[in-house]
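Take a look at the structure below.
The values are calculated or read from the model by the stated rules, or taken from the named source; none is laboratory data. Only a predicted model underlies this, so the values are computations on that prediction, with no experimental measurement involved. We place every Cβ from the backbone using ideal geometry, glycine too, and count neighbours over all the protein chains shown.
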Amino acid sequence: MANLNLVQAINLALIQEMEKDERVLILGEDVGVNGGVFRVTEGLHARFGARRVVDTPLAESGIIGTSIGLAMAGLRPIPEIQFDGFLGPAYDQICSHAARMRTRTRGAFTVPLTIRVPVGGGIHAPELHSDSPEAIYSHQPGIKVVMPSSPYDAKGLLISAIRDPDPVIFFEPKRVYRAFREEVPEDEYTIPIGKARVVCEGTELTVVSWGASVLQCMQSIEKSSRSIELIDLRTIFPMDLEAIETSVKKTGRCVVVHEAPRTGGMGAEVAAQIMERCFLYLEAPVQRVTGFDTIMPYYKLELNYMPDASRITGAIEDLFAF
Amino acid sequence: MMLIREFELRCMQAYQDKKIGGFCHVYIGQEAVAVGTIAATEAKDPIVTAYRDHGHALARGMDPKHCMAEMFGRIGGCAKGKGGSMHMFDRANNLFGGHGIVGAQIPLGVGLAFATKYEDEVINGGKSNRVTLAFLGDGAMNQGSVHEAMNLAGLFDLPVIIICENNGYSMGTSISRGTTMGHKIVSKAAGYGMEGVEVDGMDVVETYGAMKQLVDRVRETSRPIFVDMKCYRFKGHSMSDPRKYRTREEEEHYEQGDPILVLKTQLESRGFTDDQFKGIQRDVRAEVRGAVEWAEASPIPPTSDLYRDVYREKWGPYTGSSDPEMLGGAEKPCDSPAIDPKADLL
C-alpha cells in the first residue's frame, strides 16, 4: 500500500497498464517531456520513451481522431485533453466516430479508447478550464463517462477504462487532484464501470453525487445530525440505477449534487429515474444542488457557483421540513 | 470499373424505387480512382474513405451482395443493415469505413498509419511495411480536422497517402469558389512537409502506374504523400441534386473522357474486342442483378436489434422502455465477438 493523491494514483495506473500491455500508449499536448499540465503523466516519457508517450500538436480533433484510428487498429490509446473546455474541438470525433463505430459496423470495429480529461472548477482557473461537461457526453450512447472522487477509485476505474472494449471519457476532478491522500494498493485492481459506491450508509435521506462535489457532500453530512446515505456514482453513464433505487426506497428522500449547470444536468436524469422507480416511496420531492445556468464565473466567484456544504445542508433541511 | 458502374446504376434505380433510404452518393465517373489506387495496395494496407464509398468497398473486394444489402438496410449487409450507404466497413479486407462527416476520416487514417507503424516497429521490432490510403473529396480540403491530421502525418513521419478525389465540386460549390489555391491544391501539402503529387484519375492505367510508385515509396520511406487525384463525378452530389451549378456542356465534355471508355480504347489497340466488352457487361449485370435480388430477400433487422452493439456488454432499455419487443431484445446477450488482444491487431 502507498499513501497517494489522485494524481499519483492515476500515474501509477498508467505505468502498470503500460508495463503490462505494449498496445497501450499515451498521447496529448505536453504529456511527454513536461509530464502534462497537471503532471499526471510525469516520468512516463523517460520510462517508456517518445514512441509510447507522444507529445502532439495543440489539435484536439486531430488527437482524438488519430486515437480513434489507433484504437480501431487494435491498440489502446490514452489521449489526454488538457482541460474540460478543450473537449469541444474533439466533440465531432468523439460523438460522430468513437461512440458510433460499434453500432455502425455491427461489432466488426470497436474503439477501445480512454480519453483522460481534467474536469471542473475550484482551482482558480477561468471558464473553459473549469467546466463540467459530463451530461453532454452522457447523452451520447456508445460512450461511457467515468468520474472518480478518490485516489483508490481513480486507479481501479482507470485500469477498467483502459481495458474496456468501448470508448470511455475519464474525467479527473482537478479540485481533488492533490486535495488528499489515501491508501492505494500497489498491486493492480479494477473497479467495475457502472457501479456506484456507498460512501456512508444512512436511513433518512440519500445524497447522490460524483466528482469533487462528493467531498462537499461529505462535509455537509459530517455536520448533520440526520442519518444520511451518500452515493458516489463514480460512473456517470451508464448510471448505477439499482444503487440509487435501493437507497431511495430505503430513505424516501434524495438530494442530487453536481457542479455542472442545473438544466439538463445529470441531476435531472437522477430525479426522473427516481420518479419512475421510487415515486410511492418518496416523502418529499427530489432536490438538486448544482452549478447555475451560467458560464462558470471567473475565479473570484467560482466558490459561489459550485455547490458547497452549506447549500447542500440547506437542501437537506428543506427536505426534512417538507 | 464496370462492376462499380453497373452497381451504381442499379443503386440509383433502387433509390428512385424507394428501396434504398438513408441517402445515396454514387461513384459514377470516378471508378478509375478507387480501382487504380486500391490495385496498387496490398490487402494488409488499411483504407479509409468518406461517404461516396461503394466503389472503394467493391474495389477492395467486398461482395456486391453485402454492399447492396447494407444500402437496403437488411441483415445481409456488411454491417447487418446498421450502417447504410455511407458506412461501408470490411474488416477482412482492411476497409476502415466510409464516414459521413466531411474530412473527419482523415485523422482516423493518420491514426491507422500510426498504428501500423507502431505495431511493426515498437511491438514487433521490425520495419514499418504497411501503407494506409486515406481518401477525401476536394470539399473536405476546407475542414479543420484534415489540416490537423496532415500536420500530424508530416510531423510523425506516418506511412499514409492522403488522396484528394478532386472532382471539382464540394456538393454544389466549385473548387475555385470554395478553396484557396483551388487550381493547385498540392501546394497545401508543402506546408505540412509532405510531397504533393497530381495524378490523372480518369485513366485507370495512369492512376495505377502513378499510385504503384507512390505506394512502394511510402512503404520504403514511411513518409506521407498528398495526392491531388483529378477526376469528375458524372452524376449529382447525391440523388436529389439538380446540378444547377454546372452546365450540360461541361458534363458532356467530361463524359467524353469516361474512364471505362478510355480503358476500352486502350485495350482495343491490344486486340480487345467489342464482344469481349459486351461479355463483361453481361457478367456484371447478372452479378449486380443477383446482388439486388439477394438484398431484397435478406430480412430487415428486428426492433430488438436496436440495443445490440451499442456497448460490448448486454445493453437494454436504460430509460425504461415498455416496448416488449425491445425488452426482449435487451434480454438477449450481445453477440459481438470477444476481443482477443493479439488477434485484434491489424
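Does segment B:159-179 include one or more residues that are hydrophobic (A, V, I, L, M, F, W, C), more than 14 Å from chain A (Cβ to nearest Cβ) and farther than 27 Å from A:VAL111 by Cα?
yes
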* **Single residue of A:ASP153, A:ASP84, A:ASP166 found to be buried (at least 21 other Cβ atoms within 10 Å of the Cβ) and facing chain B (nearest Cβ under 10 Å)** => A:ASP166
* Asked: Can you name every residue in segment A:232-261 that is under 19 Å from A:ASP318 (Cβ atoms) and not polar (S, T, N, Q)?
  -> A:VAL248, A:GLY252, A:ARG253, A:CYS254, A:VAL255, A:VAL256, A:VAL257, A:HIS258
* Verdict on A:SER67 being at the interface with chain B (Cβ under 9 Å from one of its Cβ atoms), out of contact with any Asp or Glu (no Cβ under 8 Å at 6 or more places or on another chain) and either on the phi < 0 side of the Ramachandran plot or without any contact (Cβ under 8 Å) to a residue 12 or more places away in the chain (or both) -> yes
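Report, by residue number, each residue of segment B:256-300 that is among the acidic types (Asp, Glu), in a helix (DSSP H, G or I) and surrounded by 14 or more Cβ atoms within 10 Å (Cβ to Cβ).
B:GLU287, B:GLU296
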* To do: Output the number of residues of segment B:216-261 satisfying the condition of being without any contact (Cβ under 8 Å) to a residue 24 or more places away in the chain and of a type in the set (A, V, I, L, M).
  => 1
* To do: Answer yes or no: is there a residue in segment A:132-144 that is polar (S, T, N, Q), outside any loop (DSSP other than H, G, I, E, B) and either touching a residue at least 40 places away in the same chain (Cβ under 8 Å) or more than 14 Å from every other protein chain (Cβ to nearest Cβ) (or both).
  => yes
* To do: Could you list all residues from segment B:91-143 that are within 7 Å of another protein chain (Cβ to nearest Cβ), surrounded by fewer than 24 Cβ atoms within 10 Å (Cβ to Cβ) and either over 19 Å from B:VAL218 (Cα atoms) or charged (D, E, K, R) (or both)?
  => B:ARG91, B:ILE101, B:ILE123
* To do: Report yes if B:MET150 is within 13 Å of chain A (Cβ to nearest Cβ) and within 29 Å of B:VAL26 (Cα to Cα), otherwise no.
  => yes
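Condition check ((1) closer than 16 Å to B:ILE20 by Cβ; (2) within 14 Å of another protein chain (Cβ to nearest Cβ)) across all residues:
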position	(1), (2)
B:ALA40	no, no
B:LYS44	no, yes
B:ASP53	yes, yes
B:MET62	no, yes
B:LYS65	yes, no
B:ALA69	yes, yes
B:ALA79	yes, yes
* Of the residues in segment A:62-108, how many are modelled with pLDDT of 95 or more, within 19 Å of B:LEU306 (Cα to Cα) and assigned to a loop (DSSP other than H, G, I, E, B)? -> 2
